[in-house]
């Protein structure tokens, strides 16, 4: 090839690159030095491998999370349980090519930073009464994450502030993996040893500005707190209910607490702790347990291991809600104590003992939970036909690391390892992607000898060696001044009140995978990349434009020809709905609250959301109802329909678009279908995409002509 041809080819390549850069082909995006909150707060903006799509042929995905399971925590547990040259049967198998012959594998590390220390670093800041105040700062780069921000990262693909659950720094709900998997027709499950409202499980079932918004009354346990012998909301007030943003509560026109949204999200299988928070009361005065039963859930309550074992099916008609403990579930091992430097610890190293309260003694360990969940999901029709997504969390690695409890964290790591082994015995890695990782690292460090400046525990390993574990991120008197957490088997220590509380660390974390799409975790990625790894493998809608399309089939239909109560379906690209009802004169007679992004109706993904307007639609006059998806912008409008008590055969709803449904007495049932949102700007998103493709095509044509011209000159 002569010089002219080479120059033409170079010019063509340059034109292609310039076109791709100019028109923002996301597939070429990657992490960049010095990015600030303005760039990183956008959906998917923190990805490090945005252009790598990987294998998209997984039918199922199981995500195992060891909460607080950094490299040190893994090594501590392996040394103690298996010896320094030993191996975990499950945890160490994932990602190992020699142990997964013929299976795609991957092993890497990912970054975990967040965008704020709490809601005060966001537009969702609240005052002491729980009312929204907002902050002048919408996000601050924060190197050390908490579990809710990190979980939101892999659940939604969006970075956020610590304490946030599936909302961005401006409070906008971000669709999570269970919502997207349900929209794709898949079965779903959520399993944990923590309270089911805790941060890691919460990111798959809710959207909340505060992770502590467990129920409509915050963290009230549903018991008599004021001593009057009656359980009512006065007890909640006595307990203090300021954990939630007031605007988020259903009583104030919001989408509700984490527990209430769990019922709305309606995973097929939900297993964990936190039963006591379902004793709280909804707006009607019912407990959340009663509400769940009314919604068709199979409920298993604290301590009912036989009820758990007898579960035989789980689907959208009969989803499982099994909460086997009032709080966090007891750990496998009794607690150990970390103390100041003491030569006696070297002479008498600690050996862990089994906790009598551990549910594994009764056949309800995390491994048992995992086996049950997989059985239920595999036998579910959606699971059989379309596959499933399941998250499994070993929560108390973190909770006991906070307490400087080496045995507690080791036992939980062992429980997680056995859960992975149980899963591997039930699945086929040719169609199931298994990912094992953590949300953040933690305090415990393996050191050469007892430090003089920190608490430590000396353990006797299985091979006879000793491991010294240092806990050095809190005050030395962790167990002093009434803050003794050494017997805190359930990890109930309150970080805000404890004299000392070991903290998270901000290091990158191990991530390993086996199965279709596993190699996408190789090298250095970000926590948000995990959302895309799972989403691409399952064929989910990961990009905003594709998520918006999930609401294209939205409909609103009156339950009957009274036209007062409406069934809303198909808004699968939305988490929150807004509505507005106008009379014949255009006056608004009823509307959803719009004061915050968490105000409005919570969408029941892949289900039916009910809107009761019977208090507003009271006559046979004409009304117009508009329902809008807050995330997609898609709108359904039912024009000029009549309310109840109209003359038989009259009051035909003029639906545009959409058609009227038939009614027994000839009076139509009001209904409507979706209309697309208006495009922003001159071209809008579609126009910009079309223009980009057109100019790229022009670049290709120009390049071809340049090469042809160059060749003609070469041959001249």
Report task. Go over the candidates 458, 434 one by one and state the one that is under 34 Å from the mean Cα position of the chain (by Cα) and assigned to a strand (DSSP E or B). Result -> 434
Query raised in the report: When you scan segment 531-635 for strands (runs of 3 or more DSSP E) that lie fully inside it, which ones turn up with 1 or more residues that are out of contact with any helix residue (DSSP H, G or I) (no Cβ under 9 Å at 6 or more places or on another chain) and touching a residue at least 60 places away in the same chain (Cβ under 8 Å)?
Result: 555-558, 565-569, 576-583, 622-629
Report task. Scan segment 570-605 for residues that are more than 19 Å from residue 672 (Cα to Cα) and buried (at least 18 other Cβ atoms within 10 Å of the Cβ) and jot them down. Result -> 575, 596, 597, 598, 599, 600, 602
**Report entry** Selected residue [within 20 Å of the chain's Cα centre (by Cα), over 21 Å from residue 54 (Cβ atoms) and surrounded by 24 or more Cβ atoms within 10 Å (Cβ to Cβ)] from 149, 181
**Finding:** 149
Requested in this report: Go through 503, 496 for me and flag whichever is modelled with pLDDT under 50, in a loop (DSSP other than H, G, I, E, B), surrounded by fewer than 20 Cβ atoms within 10 Å (Cβ to Cβ) and at negative phi.
Outcome: 496
Report summary line: When residue 491 is run through (1) at pLDDT below 80; (2) at negative phi; (3) in contact with a helix residue (DSSP H, G or I) (Cβ under 7 Å, 6 or more places away or on another chain), the failure sits at (2)
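Okay, residues lined up against (1) outside any strand (DSSP E or B); (2) assigned by TED's automatic domain parsing to the domain that holds residue 438; (3) in contact with a helix residue (DSSP H, G or I) (Cβ under 7 Å, 6 or more places away or on another chain):
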{"site": "292", "(1), (2), (3)": "yes, yes, yes"}
{"site": "296", "(1), (2), (3)": "yes, yes, no"}
{"site": "311", "(1), (2), (3)": "yes, yes, yes"}
{"site": "315", "(1), (2), (3)": "yes, yes, yes"}
{"site": "321", "(1), (2), (3)": "no, yes, yes"}
{"site": "361", "(1), (2), (3)": "yes, yes, no"}
{"site": "376", "(1), (2), (3)": "yes, yes, no"}
{"site": "385", "(1), (2), (3)": "yes, yes, no"}
{"site": "391", "(1), (2), (3)": "no, yes, no"}
**Report entry** Subset of segment 232-257 (residues that are assigned to a loop (DSSP other than H, G, I, E, B), at pLDDT below 80 and crowded, with 18+ Cβ neighbours inside 10 Å)
**Finding:** 241
Report task. Mind listing just one residue for me: the one in segment 76-91 that is farther than 15 Å from residue 412 by Cβ and out of contact with any helix residue (DSSP H, G or I) (no Cβ under 7 Å at 6 or more places or on another chain) and, of those, surrounded by the most Cβ atoms within 10 Å (Cβ to Cβ)? Result -> 79
Report summary line: With criteria (1) part of a helix (DSSP H, G or I); (2) modelled with pLDDT of 95 or more, residue 17 comes up short on (2)
Query raised in the report: Looking at segment 95-119, which of the residues that are farther than 30 Å from residue 430 by Cα and in contact with a strand residue (DSSP E or B) (Cβ under 9 Å, 6 or more places away or on another chain) is surrounded by the fewest Cβ atoms within 10 Å (Cβ to Cβ)?
Result: 117
Report summary line: Matching residues in segment 408-428 (within 17 Å of residue 329 (Cβ to Cβ) and surrounded by 24 or more Cβ atoms within 10 Å (Cβ to Cβ)) number 11
Report task. Tell me, yes or no, whether segment 590-598 has at least one residue that is in contact with a strand residue (DSSP E or B) (Cβ under 7 Å, 6 or more places away or on another chain), within 30 Å of residue 386 (Cα to Cα) and at pLDDT 95 or above. Result -> no
Report task. Quickly run through segment 258-290 and pick out the residues that are in contact (Cβ under 8 Å) with a residue 40 or more places away in the chain and in a loop (DSSP other than H, G, I, E, B). Result -> 266, 267, 268, 274, 280, 282, 283
Report task. Could you list, in sequence order, all residues of segment 78-91 that are under 31 Å from the mean Cα position of the chain (by Cα) and either touching a residue at least 24 places away in the same chain (Cβ under 8 Å) or in a helix (DSSP H, G or I) (or both)? Result -> 78, 88, 89, 90, 91
**Report entry** Breaking point among (1) assigned to a loop (DSSP other than H, G, I, E, B); (2) touching a residue at least 40 places away in the same chain (Cβ under 8 Å); (3) surrounded by fewer than 24 Cβ atoms within 10 Å (Cβ to Cβ), for residue 137
**Finding:** (2)
**Report entry** Residue match in segment 40-55 (condition: outside any loop (DSSP other than H, G, I, E, B) and either surrounded by fewer than 20 Cβ atoms within 10 Å (Cβ to Cβ) or not assigned by TED's automatic domain parsing to the domain that holds residue 110 (or both))
**Finding:** yes
Report summary line: residue 378 vs (1) buried (at least 21 other Cβ atoms within 10 Å of the Cβ); (2) at pLDDT 95 or above; (3) farther than 14 Å from residue 330 by Cα; (4) under 24 Å from the mean Cα position of the chain (by Cα): all pass except (1)
Query - Among (1) under 30 Å from residue 605 (Cα atoms); (2) at pLDDT 95 or above; (3) surrounded by fewer than 21 Cβ atoms within 10 Å (Cβ to Cβ) - the single one residue 300 does not satisfy - result: (3)
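The values are calculated or read from the model by the stated rules, or taken from the named source; none is laboratory data. Just so you know, these numbers come straight off a predicted model, no measurement behind them. Glycine also receives a Cβ, built like all others from the backbone with ideal geometry; neighbour counts cover every protein chain displayed.
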